[in-house]
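The values are calculated or read from the model by the stated rules, or taken from the named source; none is laboratory data. Note that the structure is predicted; figures quoted are calculated from it, not measured. We place every Cβ from the backbone using ideal geometry, glycine too, and count neighbours over all the protein chains shown.
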Amino acid sequence: MRRARGETMRITAVTCVKNEGPFLLEWIAFNRLIGVTDFLFYSNDCSDGTDRLLDALARRGMVHHLPNPAQGRNYQMEALKDAAHQGVVQGADWVWIADVDEFLNIHCADHTIPALIAACGDVAAISVSFQFFANDGIETFVDRPVIAQFTRSHNPDIWCGETAQEVKTLVRRDFPLQYYGAHRPFFRKNLAPGKRPAWCDGSGREVAHRFLVAANPRRIRKFPARGARDFATLNHYALRSLDSYLVKTDRGDVNRENRAFDDTYWRERNDPAWEDTSIARYLPDLQAALAELKSDPEIGAAHDEAVALHLARRDALLSRPEYREMAAQLRAAPALPPAEAAMIAELGLVP
């Protein structure tokens, strides 16, 4: 089904959240700017007011907010299974599944999702490559747009010695869906080759056959990034400030006492070799949109509460010696990813 000429393209963003309160409004405002018309949020076990802020937004018709239906720990996949049956997803022309620290940076035409779709032509899926943005020595959480604060990343073509990088995927309504994955959809089993969907990368190029059919487990959700970002990049702010990263680690594991901390995740994403400020094109409109959202007394108060609870959790964590040690370890960690450092050491070079 195609919309009539002049009718708004319906684009639904689906995401799962836990304690992302300080960052919600930026992500919503940004996605509205690039053409997302509807939002489906699943939340679980929030202690920073994320759920209260989403409820305030839902009361105004800005988002749909549901409790995560997962019975075990597979929160994202259970939510995506449920999302496929929700009207806001079934009625969308396109579905965009992403996390709140991921921002679709569109380089073509008017820098919106409809422009990206037009540039890619008649395809049923568009997979956009990640670019991880480094912490780059920013310690303190401040309540201003993440996309303005973090401007350095790895070389976009290479991450940790790998040329293949993960993607997230825009999915058209008529995709022959078996199920939504977090990174890409999967089409129905036994689908005839002639019925397989047209699928492209962020430059509008046809994806490789082995990615299309998910034939290689190592490449089931990634492919080479070089040349794949002419029309769009997925900016991933996985670290943010050191303050926020400490809170993020606590969110996933609340008991670190007497346990060694593995800094691999941080080091793999904290390579500041490349500067990329292209997403700043959105900042003037984003600032205005954020101000408008916060001007609503209930939404503004819920956002401020989330910020205060985020900072209070940081302070509570830093009162514990294991988290002070973790912070010190992260400050001292080399900017080189472990795989790159190992390669340099093997070659006998000096970084």
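Looking only at region 40-89, which residues are outside any helix (DSSP H, G or I) and touching a residue at least 40 places away in the same chain (Cβ under 8 Å)?
Leu40, Tyr42, Ser47, Asp48, Gly49, Arg60, Asn68, Ala84, Gln86
Out of everything in region 319-342 that is exposed (fewer than 14 other Cβ atoms within 10 Å of the Cβ) and of a type in the set (A, V, I, L, M), what residue ends up being farthest from Ser153 (Cα to Cα)?
Per the stated criteria, the residue is Ala328.
Looking at (1) more than 20 Å from Arg229 (Cβ to Cβ); (2) charged (D, E, K, R); (3) surrounded by 15 or more Cβ atoms within 10 Å (Cβ to Cβ), which is the only condition Glu298 fails?
Result: Glu298 passes all but (3).
Do you know which residues across region 278-294 are over 19 Å from Ile106 (Cα atoms) and either of a type in the set (Gly, Ala, Ser) or outside any helix (DSSP H, G or I) (or both)?
Ala288, Ala291
Restricting to region 225-237, name every residue that is buried (at least 20 other Cβ atoms within 10 Å of the Cβ), touching a Lys or Arg at 6+ places or on another chain (Cβ under 8 Å) and of a type in the set (Gly, Ala, Ser).
Hit for region 225-237 is Ala228, nothing else.
What are the pairs with Cβ atoms under 7 angstrom where one residue, in region 227-238, is closer than 10 Å to Ser203 by Cβ and the other, located anywhere, is among the aliphatic types (A, V, I, L, M) and surrounded by fewer than 23 Cβ atoms within 10 Å (Cβ to Cβ)? Sequence gap at least six, or different chains.
So the pair list comes out as Phe231/Ala119.
Matching residues to (1) basic (Lys, Arg); (2) within 16 Å of Asp157 (Cα to Cα); (3) at pLDDT 95 or above; (4) touching a Ser or Thr at 6+ places or on another chain (Cβ under 9 Å):
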| residue | (1), (2), (3), (4) |
| --- | --- |
| Pro185 | no, no, yes, yes |
| Asn235 | no, yes, yes, yes |
| Tyr282 | no, no, yes, no |
| Leu286 | no, no, yes, no |
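From the list Leu54, Leu40, which one is buried (at least 17 other Cβ atoms within 10 Å of the Cβ), within 19 Å of Glu298 (Cα to Cα) and in contact with a helix residue (DSSP H, G or I) (Cβ under 8 Å, 6 or more places away or on another chain)?
Being buried (at least 17 other Cβ atoms within 10 Å of the Cβ), within 19 Å of Glu298 (Cα to Cα) and in contact with a helix residue (DSSP H, G or I) (Cβ under 8 Å, 6 or more places away or on another chain) holds for just one of Leu54, Leu40, which is Leu54.
Among the residues of region 182-211 satisfying the criterion of being among the charged types (D, E, K, R) and farther than 17 Å from Val171 by Cα, which is surrounded by the fewest Cβ atoms within 10 Å (Cβ to Cβ)? Full working, then the answer.
Within region 182-211, the subset among the charged types (D, E, K, R) is 184, 188-189, 195-196, 201, 205-206, 210.
Filter once more, keeping what is farther than 17 Å from Val171 by Cα: 189, 210.
Details: Lys189: 6, Arg210: 13.
Checking each candidate, the answer is Lys189.
Looking at Arg331 and the list (1) at pLDDT below 95; (2) within 25 Å of the chain's Cα centre (by Cα), which single condition is not satisfied?
Of the numbered conditions (1) at pLDDT below 95; (2) within 25 Å of the chain's Cα centre (by Cα), the odd one out for Arg331 is (1).
Can you tell me which residues in region 5-51 are of a type in the set (Asp, Glu) and within 18 Å of the chain's Cα centre (by Cα)?
Across region 5-51, the qualifying residues are Glu20, Glu26, Asp38.
Could you list all residues from region 129-143 that are surrounded by 20 or more Cβ atoms within 10 Å (Cβ to Cβ) and aliphatic (A, V, I, L, M)?
Passing the criteria: only Ala134.
Can you tell me which of Asp271, Asp250 is touching a strand residue (DSSP E or B) at 6+ places or on another chain (Cβ under 9 Å) and surrounded by 17 or more Cβ atoms within 10 Å (Cβ to Cβ)?
Asp271
Can you name the condition, by its number, that Val95 falls short on among (1) crowded, with 21+ Cβ neighbours inside 10 Å; (2) under 28 Å from Glu305 (Cβ atoms); (3) touching a Ser or Thr at 6+ places or on another chain (Cβ under 6 Å)?
(2)
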